[in-house]
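Note sheet for the following structure.
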Amino acid sequence: MSTSMPHVEWDLDLSNAGRGVWLVKVPKYIANKWEKAPGNIEVGKLKITKSPGQKAEVSLKLSEAVLALKEVGEEDIPKQHRLDVTTVTRQTLGVFSHLTPVSSSDAIVPETEKLFMEGRIVQKLECRPYADTCYMKLKLESIKRASVPQRQVQQLDRVVHNFKPVSDHKHNIEYAEKKKAEGKKMRDDKDAVMDMLFAAFEKHQYYNIRDLVKITRQPIVYLKEILNEVCNYNLKNPHRNMWELKPEYRHYKDDDKPAEGSASKADDSDND
């Protein structure tokens with residue numbers, strides 16, 4: 001189901017569609033000055049010089065009123081700028097404006113919003129400063145500000161009470177220590193491991209893998225290789241997921257045969 005907004009039809013005023021418009025890109029420091037300037041002052045003068053057979057030269061001179069809009073500690077900005085002109089030939093770019101009427105309770109018929117086409121862009125202009133002393137000083141201060149790290153060490157003169165995030169949780173630390181300890185286990189001689197297994201199975205007939213790892217202190221992969229040689233793995237109840245000696249390795253007597261117990265619950269999984 002579509003959740004897009006309903007289409008609203010507005011009238012488009014095309015009375016200025018044939019007018020040529022310049023698209024001018026200015027440095028950020030000029031845009032900031034013009035943004036602060038009130039609407040009743042002159043912000044600059046544009047000068048166009050045309051010579052026969054040559055491309056027109058365009059320059060911008062900022063007004064003294066704009067240059068005076070300085071805050072405490074703010075650097076001076078260049079006054080003179082040149083504008084590099086590029087003719088738009090392979091693109092069709094337009095400038096539009098949107099007028100939102102002020103609502104009035106006295107109006108009999110409410111005024112609707114309007115769209116205007118202000119003209120078609122015929123030239124792009126790039127405003128560039130001259131590389132004079134003023135611009136170089138401004139650029140140097142800009143580089144210094146950009147090089148200042150955003151985070152700095154600050155000495156505190158009092159205790160700050162706040163909640164710090166936990167770098168790691170307790171169960172993660174315990175698990176990492178366990179894996180680290182298991183990784184340090186060295187493989188013992190195979191015969192020695194088998195002797196430990198046979199001694200364990202004299203006490204109980206069934207074991208899960210966890211108990212056998214604790215008894216033998218062997219890596220689980222190595223231990224399973226030996227278990228597969230001398231033991232059977234039960235897949236059915238009542239001793240599911242438990243290991244027991246193969247018949248040929250059993251030497252139980254009828255009077256001293258261990259009870260069919262185990263060192264752990266029979267439903268423990270062997271997939272650790």
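The values are calculated or read from the model by the stated rules, or taken from the named source; none is laboratory data. These figures come from a predicted structure and were not determined experimentally. As a convention, Cβ positions derive from the backbone with ideal geometry for all residues, glycine included, and neighbour counts pool all protein chains shown. Ligands, DNA and RNA are stripped out before the accessible areas are found, and what is left, the full protein with its side chains, is counted by its heavy atoms. Shrake-Rupley method; radii C 1.70, N 1.55, O 1.52, S 1.80 Å.
Suppose we filter region 56-71 for residues that are open to solvent by less than 60 Å² (accessible area, probe 1.4 Å) and not in a loop (DSSP other than H, G, I, E, B); how many remain?
Start the filter on region 56-71 by keeping residues that are open to solvent by less than 60 Å² (accessible area, probe 1.4 Å), which leaves 56, 58-60, 62-63, 65-67, 69.
Now restrict to residues that are not in a loop (DSSP other than H, G, I, E, B): 58-60, 62, 65-67.
So the answer is 7.
Each row is one residue, and each column tells you yes or no for (1) open to solvent by less than 100 Å² (accessible area, probe 1.4 Å); (2) at pLDDT 85 or above; (3) assigned to a loop (DSSP other than H, G, I, E, B).
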{"site": "VAL153", "(1), (2), (3)": "no, yes, yes"}
{"site": "ASP157", "(1), (2), (3)": "no, yes, yes"}
{"site": "SER167", "(1), (2), (3)": "no, no, yes"}
{"site": "HIS171", "(1), (2), (3)": "no, no, no"}
{"site": "ARG187", "(1), (2), (3)": "no, no, yes"}
{"site": "MET194", "(1), (2), (3)": "yes, yes, no"}
{"site": "LEU197", "(1), (2), (3)": "yes, yes, no"}
{"site": "LYS203", "(1), (2), (3)": "no, yes, yes"}
{"site": "ILE226", "(1), (2), (3)": "yes, yes, no"}
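I'd like to check something: does region 115-128 contain any residue that is modelled with pLDDT of 85 or more and closer than 22 Å to GLU141 by Cβ? Steps first, answer last, please.
Taking region 115-128 as the starting set, the residues that turn out to be modelled with pLDDT of 85 or more are 115-128.
Of the ones still in play, those that are also closer than 22 Å to GLU141 by Cβ are 127-128.
So far as region 115-128 goes, yes, one or more of its residues are modelled with pLDDT of 85 or more and closer than 22 Å to GLU141 by Cβ.
Say whether the condition of being under 27 Å from ARG145 (Cβ atoms), in contact (Cβ under 8 Å) with a residue 40 or more places away in the chain, open to solvent by less than 90 Å² (accessible area, probe 1.4 Å) and of a type in the set (Val, Ile, Thr) is met by at least one residue in region 76-91.
There is at least one residue in region 76-91 that is under 27 Å from ARG145 (Cβ atoms), in contact (Cβ under 8 Å) with a residue 40 or more places away in the chain, open to solvent by less than 90 Å² (accessible area, probe 1.4 Å) and of a type in the set (Val, Ile, Thr).
Which numbered condition in (1) touching a residue at least 12 places away in the same chain (Cβ under 8 Å); (2) out of contact with any Asp or Glu (no Cβ under 8 Å at 6 or more places or on another chain) is the only one that VAL159 fails?
Looking at each condition in turn, VAL159 falls short on (1).
Please give the number of the condition VAL122 fails out of (1) assigned to a strand (DSSP E or B); (2) exposed (fewer than 10 other Cβ atoms within 10 Å of the Cβ); (3) of a type in the set (A, V, I, L, M, F, W, C).
(2)
Of everything in region 228-266 that's more than 14 Å from ALA200 (Cβ to Cβ) and among the hydrophobic types (A, V, I, L, M, F, W, C), which residue is modelled with the highest pLDDT?
Applying the filter and picking the extreme gives LEU235.
Take ILE77 and tell me if it is closer than 21 Å to VAL26 by Cα, at pLDDT 90 or above and assigned to a loop (DSSP other than H, G, I, E, B).
Against the criterion (closer than 21 Å to VAL26 by Cα, at pLDDT 90 or above and assigned to a loop (DSSP other than H, G, I, E, B)), ILE77 qualifies.
Give me the pairs: first residue in region 36-55 and open to solvent by 90 Å² or more (accessible area, probe 1.4 Å), second residue assigned to a loop (DSSP other than H, G, I, E, B), beta-carbon distance under 9 Å, and six or more apart or on different chains, which are they?
LYS36/LEU69; GLU42/SER63; LYS45/SER63; LYS50/ALA56
For the list (1) modelled with pLDDT under 90; (2) outside any loop (DSSP other than H, G, I, E, B); (3) small (Gly, Ala, Ser), I need the number of the one condition that ALA31 fails.
The single condition ALA31 does not satisfy is (1).
Find the residue count for region 228-248, including only residues that are assigned to a strand (DSSP E or B), touching a Lys or Arg at 6+ places or on another chain (Cβ under 7 Å) and among the hydrophobic types (A, V, I, L, M, F, W, C).
In the first step, residues of region 228-248 are kept if they are assigned to a strand (DSSP E or B); the result is 231-233, 243-245.
If we keep only those that are touching a Lys or Arg at 6+ places or on another chain (Cβ under 7 Å) too, we end up with 231-232.
Subsequent filtering for residues that are among the hydrophobic types (A, V, I, L, M, F, W, C) retains 231.
Number of matching residues: 1.
So which residues in region 25-35 are touching a residue at least 60 places away in the same chain (Cβ under 8 Å) and under 16 Å from LEU125 (Cα atoms), if there are any at all?
The first filter runs over region 25-35 and keeps only residues touching a residue at least 60 places away in the same chain (Cβ under 8 Å), leaving 25-27, 29-30.
Residues satisfying the conditions are LYS25, VAL26, PRO27, ILE30.
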